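Only one structure is covered here, and it is reproduced in the block below.
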Amino acid sequence: MLAEHISRLDGVDGRYWTELDAAVNLAFADLPVRVTCFYPELPLHLEILDGARRNHPFVLRNGQLRPNSEHIGPREVLSTRPAPAPVLLGPPDVRLDFSAWQLHEVRRAVEAALRPADYGHERAEDIVLAVNEVATNAVEHGTPEARLSLWTGPDGLTCEIDDGGTLRDPLPGLQAPHPAEARGRGVWIARQVCDSLHVWADGRGTHVRMRATP
């Protein structure tokens, strides 16, 4: 597989590429896949090259592929360079504070947001399940209370779950849990259902933003 740097995705500091490389390394770890990434020699953000050096086990120097002494594991990469927050979306159409006893209200709010659009019954059920899984994680592993925010528009539904807990795994849900594991499937399920799922942390806690189209 070949990957090429696209400057319009750099964001404010280039950390998008560090997170993407780390996520690809983790998601493809058990697959017979080799990814070759091309980066500009002088990018706008030095973060891009610094992140690439830590994410890639081999580098091409003078036409030869050599082991990279700066390479570290994907989770270690993001422990020193946390994932960036996505762009601000403005006031949500729906905002709901909830606890473990109010997860039915979370599901009801998502169902209501999906109803005006042409999602279809099965697609809508899958999206409600995905949001419920992430919301459950928030109140079980984050803090007793969390917040749901919903934005609706022509690009589909955007949902954000915020809690005040600490992010223990910077890249959750990128590998399918072992069949013998009874738990730990929530974010993985949500990633299969949603078009995109982004996790980040800051001084206020842990945040998960999902986007799902019809």
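In a reduced charge model with +1 at each Lys and Arg Cβ and -1 at each Asp and Glu Cβ, region 2-80 shows a dipole moment near 240 debye about its Cα centre. The charge dipole of the chain, taken about the Cα centre with unit charges on the Cβ atoms of Lys, Arg (+1) and Asp, Glu (-1), comes to about 400 debye, rounded to the nearest 20. If you wrap region 2-80 in the convex hull of its Cα atoms and look at it from every side, the mean projected area works out to 5.4 nm². For the chain, the longest principal axis of the Cα atoms and the long axis of helix 121-137 meet at an angle of about 80 degrees. Taking the C-alpha atoms only, the angle from helix 15-27 to the longest principal axis of the chain is near 90 degrees. The calculated P(r) of region 94-212, using every Cα pair and 5 Å bins from 0, goes 2, 12, 24, 25, 20, 12, 5, 1, 0 in percent. Each peptide in 93-99, 122-128 gets a packing score, the mean of other Cβ atoms within 10 Å over its residues, and the list from highest to lowest is 122-128, 93-99. With only Cα atoms counted, the chain has Rg and Dmax values of 18.7, 61 Å. A Cβ-based charge dipole, computed about the Cα centre of region 94-212 with Lys and Arg at +1 and Asp and Glu at -1, lands at about 60 debye. For the chain, the longest principal axis of the C-alpha atoms and the axis of helix 103-114 are separated by about 80°.
Protection proxy ranking, highest mean first, for peptides 169-175, 16-22: 16-22, 169-175, where packing is the per-residue count of other beta-carbon atoms within 10 Å, averaged. Of the residues 130, 172, 17, the one whose Cα sits farthest towards the positive end of the charge dipole of the chain is 17 (charges of +1 on Lys and Arg Cβ, -1 on Asp and Glu Cβ, taken about the Cα centre). If R0 is taken as 30 Å, the Cβ-Cβ distance between residue 20 and residue 178 corresponds to a FRET efficiency of 0.70.
Per residue, the chain reaches -9500 deg cm²/dmol at 222 nm when only DSSP H runs of four or more residues are counted, each adding -39500 (n - 2.57). Summary of packing: across the peptides 135-142, 54-61, the per-residue average of other C-beta atoms within 10 Å ranks them, highest first, as 135-142, 54-61. Largest GNM mean-square fluctuation across 29, 85, 52, computed for the chain with C-alpha springs under 10 Å, falls on 29.
FYI, it's all coordinate maths here, none of it is from the lab. Since the structure is predicted, the reported quantities are computational estimates derived from the model, not experimental observations. All Cβ positions, even for glycine, are placed from backbone atoms using ideal geometry, and neighbour counts span all protein chains on display.
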